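First the structure, in the form of structure tokens, and then the observations on it.
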């Protein structure tokens, strides 16, 4: 009997946790995307990526 009461109390106490965890995961994903975008669009990385693509397109089989 006390097990059922204990489980019911803990389930009610964590009702908002899924939403909070989802929101924090979304914020972390957006922050990671912004950092990745800044790195990829920086001058040195952009030039290197263009060089790699150009070499791949000019490759002879």
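This table checks each residue for (1) modelled with pLDDT of 85 or more; (2) in a helix (DSSP H, G or I); (3) in contact with a helix residue (DSSP H, G or I) (Cβ under 7 Å, 6 or more places away or on another chain); (4) at positive phi.
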{"site": "4", "(1), (2), (3), (4)": "no, yes, no, no"}
{"site": "8", "(1), (2), (3), (4)": "no, yes, no, no"}
{"site": "12", "(1), (2), (3), (4)": "no, yes, no, no"}
{"site": "25", "(1), (2), (3), (4)": "yes, yes, no, no"}
{"site": "28", "(1), (2), (3), (4)": "yes, yes, no, no"}
{"site": "33", "(1), (2), (3), (4)": "yes, yes, no, no"}
{"site": "54", "(1), (2), (3), (4)": "yes, yes, no, no"}
{"site": "61", "(1), (2), (3), (4)": "no, no, no, no"}
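Residue 39 falls short on exactly one of the conditions (1) exposed (fewer than 10 other Cβ atoms within 10 Å of the Cβ); (2) assigned to a helix (DSSP H, G or I), and that condition is (1).
The values are calculated or read from the model by the stated rules, or taken from the named source; none is laboratory data. Fair warning: this is a prediction, and the values are worked out from it, not measured in the lab. Glycine also receives a Cβ, built like all others from the backbone with ideal geometry; neighbour counts cover every protein chain displayed.
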